[in-house]
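The values are calculated or read from the model by the stated rules, or taken from the named source; none is laboratory data. Quick caveat, the model's predicted, so the values are computed rather than measured. With ideal geometry, Cβ positions are generated from the backbone for all residues, glycine too; neighbour counts draw on all protein chains shown.
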Amino acid sequence: MPQYKVAIVGAGPAGYFAAQALQNLQTEELQFSIDMIERLPTPWGLVRSGVAPDHPKIKTVAKVFEKVANEPNFRLFANVELGSDLTIEQLKEKYDAVVIATGSALGKKLGIPGEDLPGSMSAATFVPWYNAHPDFKDESIDLSTDTAVVIGAGNVAMDVARMLALEPSELDPTDTADHAIDALKQSAVRNVIISARRGPEHAAFTSPELRELPKLEHTNVVMEKADIDAALVRAGDAPEKDVKSNLDAMLLISEKEATSHERTMKFQFLATPLEIKGDDRVEEVVFQKTGSDETFSVKCGLVITAIGYEAASLEGIPYEKGKVVNTDGRVNENVYVVGWAKRGPSGVIGTNKSDAADVMKLLVEDLGTPKNSGDVTDVITHNSVVTQQHWQAINEAEVAAGEPVGKPRRKSVAREDLLKHAGL
Ligand code: NAP
């Protein structure tokens, strides 16, 4: 019975769905042993460090990941970094196939003057900061301004704006990082402006997320009815289903009576950012009214860009335009890619399931004679590898720490603390 060894690099949704697809493709004649390699001491990728903490339902997919991980043919090697702890060449040599599932961690840049001023940052920093990602624990996020501008009209921009505009005590029963809850409780931000360069009919928000907004209990959500009416005219009689559904949701928001809440989230459309200005830090953003020569500026002390992501490169893997160069997920020799690293940063978590399954079918088609070149443990020399058992100890410790304070978990942030829970 041939037993093939597959390494999956990256323990996020795409990686787990690839493992699940391989498990589903097994027959008596075709068996896999799957090793998942992850840079952080914790798995789950964006489910842990991306999904907004006030959306706990989306995180329930982690149960699927744990089911995959508890199959006897699966091993987790977390706290192991490709590049420093082992190389792609070593993986290619030891495994019949290597699957890259490292996502897109770098925030795209606007490329306008002032973007690097203090007070301007990417959602690729702000989101992992509030989600307790160890690499972002020391970010100092200055929330002493009354106005923040979030640039982008996608679901990440909406997550960021909501996190800034929620009454922070609403985050108490969530797994938001303690340091972020503390900072948000001290925050002076009362006006959050989400700024889209195109009209409402072109926004990348999805309608379930829009429909949630009027239900926010402590935040006044404002859209100008004139903006939505004009978009409805531009969209015409037969807009695509998603556009119609979005515009319907936006119309409801725009027709809702303004409330007297202290915190406001306001949508600004047809505003192309030209420049971020300020002497030592952000003081205002200059916009052009899209499609005209008119400019205007918004005074603010914080700008967060949420305009998409690019993949961070791994040595030995070809990249182009923020993605791994691939044909239907095939990269080269015995290397494959799945998820955002393959197709770019689009789609919801579930999109990765069919995507990974398609690539794993190709991987199976390409298999030759199984390799027999030793175990990966021959090359990983450090002794603080987080295995599935260690991760379970971390997971249990975090859940137990959350229980008395009514949280699903209380995340540890520092690598040392996470490793301590693991007994390492
Ligand atoms: P996205 O959906 O692609 O939205 C990116 C936004 O940035 C677009 O509105 C785009 O506008 C804008 N943009 C790009 N370049 C710009 C520039 N130079 N200047 C101004 N605006 C610019 O990306 P995302 O929000 O990062 O989300 C990534 C994926 O994750 C999406 O599929 C999203 O639905 C998903 N997600 C889902 C959830 C959820 O289900 N709750 C939560 C978060 C993320 P143009 O259209 O004009 O280019």
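Name every residue in region 372-396 that is closer than 24 Å to PHE136 by Cβ, aliphatic (A, V, I, L, M) and surrounded by 19 or more Cβ atoms within 10 Å (Cβ to Cβ), in order of residue number. VAL385, VAL386, ILE394, listed by residue number.
Does region 116-135 hold any residues that are touching a residue at least 60 places away in the same chain (Cβ under 8 Å) and part of a loop (DSSP other than H, G, I, E, B), and which are they? Hits for region 116-135 are LEU117, PRO118, GLY119, ASN131, ALA132, HIS133. Out of region 252-273, which residues are among the aliphatic types (A, V, I, L, M) and surrounded by fewer than 17 Cβ atoms within 10 Å (Cβ to Cβ)? Answer for region 252-273, where residues must be among the aliphatic types (A, V, I, L, M) and surrounded by fewer than 17 Cβ atoms within 10 Å (Cβ to Cβ): LEU252, ALA258. Pick from GLU81, GLU93, GLU71, GLU139: which is without any contact (Cβ under 8 Å) to a residue 40 or more places away in the chain and away from the ligand (no atom under 15 Å from the Cβ)? On inspection, the qualifying residue turns out to be GLU139. Of the residues making up region 234-254, at least one is hydrophobic (A, V, I, L, M, F, W, C), more than 16 Å from the ligand (Cβ to nearest atom) and either in contact with a Cys (Cβ under 9 Å, 6 or more places away or on another chain) or free of Cβ contacts under 8 Å to residues at least 24 places away in the same chain (or both). Out of all the residues in region 180-188, is one or more among the hydroxyl-bearing types (Ser, Thr, Tyr), at pLDDT 95 or above and under 18 Å from LEU302 (Cα atoms)? The answer is yes; a qualifying residue exists.
Only a single item in (1) of a type in the set (A, V, I, L, M, F, W, C); (2) surrounded by fewer than 17 Cβ atoms within 10 Å (Cβ to Cβ); (3) part of a loop (DSSP other than H, G, I, E, B); (4) modelled with pLDDT of 95 or more is not met by ILE317, and it is number (2). Identify all residues within region 321-332 that are part of a loop (DSSP other than H, G, I, E, B) and either within 16 Å of the ligand (Cβ to nearest atom) or not assigned by TED's automatic domain parsing to the domain that holds ARG75 (or both); write none if there are none. Matches in region 321-332: LYS321, GLY322. Taking region 109-136 as the range and being crowded, with 17+ Cβ neighbours inside 10 Å and within 11 Å of the ligand (Cβ to nearest atom) as the test, the residues that pass are LEU110, GLU115, SER122, ALA123, ALA124, VAL127.
Among the residues of region 188-226, those identified as surrounded by fewer than 22 Cβ atoms within 10 Å (Cβ to Cβ) and away from the ligand (no atom under 15 Å from the Cβ) are ALA188, VAL189, ARG190, ASN191, PRO214, GLU217, HIS218, ASN220, VAL222, GLU224, LYS225, ALA226.
Tallying residues that are more than 22 Å from the chain's Cα centre (by Cα), surrounded by 17 or more Cβ atoms within 10 Å (Cβ to Cβ) and in contact (Cβ under 8 Å) with a residue 40 or more places away in the chain within region 397-424 yields 4.
Go through ILE151, ILE141 for me and flag whichever is over 25 Å from ILE380 (Cα atoms), touching a Phe, Trp or Tyr at 6+ places or on another chain (Cβ under 7 Å) and surrounded by 18 or more Cβ atoms within 10 Å (Cβ to Cβ).
Values: ILE151 fails: touching a Phe, Trp or Tyr at 6+ places or on another chain (Cβ under 7 Å).
It is ILE141.
The condition (being in a loop (DSSP other than H, G, I, E, B), more than 30 Å from ASN332 (Cβ to Cβ) and assigned by TED's automatic domain parsing to the domain that holds VAL337) is satisfied by just one residue among PRO53, PRO113: PRO53.
Scanning region 158-175 for residues being polar (S, T, N, Q) and outside any helix (DSSP H, G or I) gives a total of 1. Filter region 349-369 down to the residues that are touching a residue at least 60 places away in the same chain (Cβ under 8 Å), within 17 Å of ILE8 (Cβ to Cβ) and not hydrophobic (A, V, I, L, M, F, W, C) and list them by number. The answer is ASN352, LYS353, ASP355, LYS361, ASP366. Within region 33-51, the set of residues being away from the ligand (no atom under 16 Å from the Cβ) and either closer than 21 Å to ALA422 by Cα or surrounded by 24 or more Cβ atoms within 10 Å (Cβ to Cβ) (or both) comprises ILE34, ASP35, MET36, ILE37, GLU38, ARG39, LEU40, PRO41, THR42, PRO43.
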